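Asker: Sharing a structure here in C-alpha cells format.
The values are calculated or read from the model by the stated rules, or taken from the named source; none is laboratory data. Note that the structure is predicted; figures quoted are calculated from it, not measured. Note: ideal-geometry Cβ built from the backbone for every residue, glycine included; neighbour counts use all protein chains shown. For accessibility, only protein heavy atoms count, side chains too; no ligands or nucleic acids. Shrake-Rupley method; radii C 1.70, N 1.55, O 1.52, S 1.80 Å.
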Amino acid sequence: MISFGNPELTPEYTNSFGLNFLKTWNNHTLSLGSYYRPTTDVIQRVAWNENGVMYSTNENVAKSQSAGVELILKDKLWRVLDLTTTVNGYYYKLDGFNYVINNQVVSGQSDENFSWDARVLAALILPFDISVQATGNYRSRRVITQGYRKSNMGLDLGIRKSLFNKTITLAFNWRDVFNSHKHESYTGNDTFWRHQKNWRDPRVNFVVSWNFGNMNQKKKNRQEDNQQIEESESFGGYE
C-alpha cells in the first residue's frame with residue numbers, strides 16, 4: 001500500500017443552521033437541539049487499485065448533508081455524582097464522485113444512512129480527596145467515502161487522589177478497558193474491495209503531579225503591579 005498527501009486540497013465549507021431549547025433545574029440541565037449542515041468539498045480519504053498496488057490519498061470528494069437532533073442531559077446526584085449524557089441521532093448523505101488521479105479513474109457511489117451515537121460521562125467524588133471518572137461511548141454504523149464504518153464502543157476509567165493539601169496528585173488512567181474501541185471499515189469500488197481493522201491495545205498510565213508555589217497569589221501580585229504602573233504613568237511616569 002502506498003499513501004501520499006495532496007497539496008491541492010481546498011477547504012471544506014459548512015453552513016450550519018440550528019434551533020436549541022435549554023431548561024435548567026437545581027441539579028439538572030436539559031439541552032435539546034436540532035440542526036441542518038450542508039457541506040461542500042468534503043475532505044476524505046480515497047483509494048484505488050493499480051496493477052495490484054493499493055494507493056490512497058485525501059481528496060475533496062463531493063457534497064454532503066447532515067440533519068439531526070442532539071440531546072444533552074446533566075445531572076448532579078447526591079452531591080457526589082455528576083452525570084453528563086449526550087445522544088445524537090442524524091441523517092447523513094454523501095454524494096457520489098468520479099476523479100482521474102495519475103491516469104486512474106477513482107470513483108465512489110452516493111450513499112446515505114441514519115446514524116446515532118451516545119456518550120456518558122460519570123464523575124464520582126469520594127472521601128479522602130479521591131475522585132473517579134468513567135466515560136463510555138457508542139457509535140453506530142456510518143457512511144464514509146467508498147463504503148461504511150462499522151459500529152464501535154469503548155469505556156475509559158480514571159482515578160485521581162490528592163495529597164498534602166493538593167500539592168501532590170496521583171492519577172491512574174485506563175483507556176479502552178474492554179479492548180472494544182476498534183475501527184472496522186469496508187470500502188471498495190469497481191477495481192478493489194477492502195476490509196480494514198484498526199485498534200490499539202488497552203493503555204494504562206500512572207501520573208504523579210507536583211504543584212508548587214501560590215499561583216493565585218502570584219497572579220494577584222502581578223495585577224497589583226500592573227495597576228501601580230498604570231497609575232504612575234497617568235501622573236507622568238516614575239520618580
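Asker: Say a paramagnetic label sat at a point 7 Å from the Cα of Arg194, along Cα to Cβ; which residues of the stretch 88-118 have their backbone N under 16 Å from it?
Answerer: Answer for this model: 101-102, 104-109.
Asker: Still on this structure, please answer the following. Between Ala67 and Asn49, what is 0.36 nm times their sequence separation minus the Cα-Cα distance? Round to one decimal in nm.
Answerer: On the way: separation 18, 0.36 × 18 = 6.48 nm, distance 3.36 nm.
Taking 0.36 nm per residue and subtracting the Cα distance, the gain is 3.1 nm.
Asker: Take the chain, connect every pair of alpha-carbon atoms lying under 10 Å apart with a spring to form a Gaussian network, then pick out the residue of Gly158, Gly213, Gly108 with the largest mean-square fluctuation.
Answerer: Evaluated over the chain, the most mobile residue of the options is Gly213.
Asker: Run the simple label-point estimate for Asp111 and Ser56 please: 7 Å along Cα→C-beta, distance reported in nm.
Answerer: So the two model labels end up 1.4 nm from each other.
Asker: Same structure again: Give the label of the value calculated from the structure for semi-axes √(5λ) of the Cα gyration tensor in Å, choosing from (1) 35, 22, 17; (2) 45, 27, 23; (3) 40, 24, 17.
Answerer: Computed from the coordinates, semi-axes √(5λ) of the Cα gyration tensor in Å corresponds to (2).
Asker: Compare the Cα positions of Trp25, Leu94, Ala134 along the charge dipole of the chain (+1 at Cβ of Lys, Arg; -1 at Cβ of Asp, Glu; about the Cα centre) and return the one farthest towards the positive end.
Answerer: Positive-end residue among those listed: Ala134.
Asker: Find how much the distance from Thr29 to Trp78 grows on full extension, using 0.36 nm per residue of separation minus their present alpha carbon separation; answer in nm with one decimal. Show your work: numbers first, answer last.
Answerer: Numbers: separation 49, 0.36 × 49 = 17.64 nm, distance 1.55 nm.
Taking Thr29 through Trp78 to full extension adds about 16.1 nm, to one decimal.
Asker: Ok, one more. Between Asn103 and Phe172, how many nm apart are label points set 7 Å from Cα along the C-beta direction?
Answerer: 6.1
Asker: Okay, next question. Could you work out how far the C-alpha centroid of the stretch 1-62 sits from that of the stretch 102-141, in angstrom?
Answerer: 14
Asker: With every protein chain left in place, what is the accessible area of Arg37 in Å² (1.4 Å probe, nearest 10)?
Answerer: Solvent-accessible area, nearest 10 Å²: 100 Å².
Asker: If we count every other residue with Cβ under 10 angstrom of Arg203's Cβ, Lys/Arg +1 and Asp/Glu -1, where does the sum land? If you can, show how the numbers build up before the last one.
Answerer: Values: positive: Arg175, Arg200; negative: Asp156, Asp176, Asp201.
The answer is -1.
Asker: Using θ = phi - 60° and the Karplus curve 6.51 cos²θ - 1.76 cosθ + 1.60, what whole-Hz ³J(HN,Hα) does each residue of the stretch 96-113 get, with Gly and Pro shown as x?
Answerer: Result, ordered by residue: x, 8, 8, 10, 10, 10, 6, 6, 10, 7, 10, 9, x, 8, 5, 8, 7, 6 Hz.
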